[in-house]
1. Most exposed first by the Cβ proxy, i.e. fewest other Cβ within 10 Å, how do Thr282, Thr82 rank?
2. So for region 59-155, considering every pair of alpha-carbon atoms, how many percent are separated by more than 21 Å?
3. Can you tell which of Pro245, Ala234, Ile214 lies farthest toward the positive end of the dipole of region 214-302, using +1 and -1 charges on the Cβ of basic and acidic side chains (Lys, Arg; Asp, Glu)?
4. For region 20-300, what is the charge dipole size about the Cα centre, in debye to the nearest 20, if Lys and Arg each add +1 at the Cβ and Asp and Glu each add -1 at the Cβ?
5. Quick one: order Leu120, Leu67, Leu211 by neighbouring beta-carbon count within 10 Å, fewest to most.
6. Taking the Cα centre of region 30-144 as the origin, how large is its charge dipole in debye, to the nearest 20, when only Lys and Arg (+1) and Asp and Glu (-1) carry charge on their Cβ atoms?
7. Which whole-number value in Å³ per residue fits the convex hull of the alpha carbons of region 20-300?
8. Put +1 on the Cβ of each Lys and Arg and -1 on the Cβ of each Asp and Glu in the chain; which of Ile49, Met137, Trp161 then has its Cα farthest toward the positive end of the dipole?
Amino acid sequence: MTATEEAPALAEGVDTPTPPGKSTSLLARSLRLWRTRIGVVFVILLVAIAIFGPMIAPHAADEFIALPNSKPGQNGAGMFGTDYLGQDVLSRFLYGGRSILWLSIVSTVIGVVIGVTIGLIAAYARNYVDDVLMRAMDVIMAFPQIMLALVAVSLLGASNWLVIAAIALTTAPRVARVARGAAQPVVERDFIAATESMGLTRWRILNGEVLPNILGPMMVETTLRLTYSVTTVASLAYLGLAPDPNGANWGTDIQKNQTVLVTQPWGSLLPIIAIALLTVGTGLIGDGIARTAAGIDREREE
């Protein structure tokens, strides 16, 4: 058989890995969908508020400016009035997103990294290591995410790194499950056996061959986990378990101002809208990536 005749035969008999550009362009292709674009706009808007809000806030977060629960324009209050302590609602809102955002992002990143690592190791091992790792993940997943976070914070005290650790711990098992499920078909393909026969280390195979082929589902799962992290951080703050109970925090502001929701709603309404837009935005991005990876709405991407 000549070299030209041998090449098609090899192409038919050996699976080829996903081209590197396919995974890296998935997000770019998903941006052709309007749902993804809307999600990106929501997320960028809320991230910009969290980052730059304190720089443009008219008052300090803890500055007393008028009588408590003053309506907009009443007693010298600002455009959204004052909260239960007489602090400017707009300023509190502009200061309150930073803590929720950075806690959610850091905990999600840590949880995803740990989960993907465990999932890849379990999928590649295909022996008792897989069973041990997955059973351990099942035990953690048996408890609701918010419950584990509440127990950890209640027993050990509310601190930034404890909140991050608690959320990351509950994020990792779910990510590990998805990573393992996505990686199992990949590790069975012929190009993985070929790389093993070349003497590559397990780490290089997992990082260089398996991981690039599961980036699509991992990107979707990351956006989903970020959504849950945002709601968990906000829920802890709402329950009075924020690292700084008196600091500006969207969850804390909702809880403190809910008693006057009918007469002066802005203290609770602004952070409610912000959290809702942030979670909807990340959800739309994840849905857009999932639809692009599955080929849904391809003909309507204009």
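1. Listing Thr282, Thr82 from fewest to most nearby Cβ atoms yields Thr282, Thr82.
2. 59 percent
3. Pro245
4. 640 debye
5. Leu67, Leu211, Leu120
6. 480 debye
7. For region 20-300, the hull spanned by Cα atoms encloses 146 Å³ per residue.
8. It is Ile49, whose Cα lies furthest towards the positive end.
Quick note: the coordinates plus some simple rules give every number you see, no bench work behind them. These numbers come from a predicted model, not from an experiment. Glycine gets a Cβ as well: all are built from the backbone with ideal geometry, and neighbour counts include every protein chain shown.
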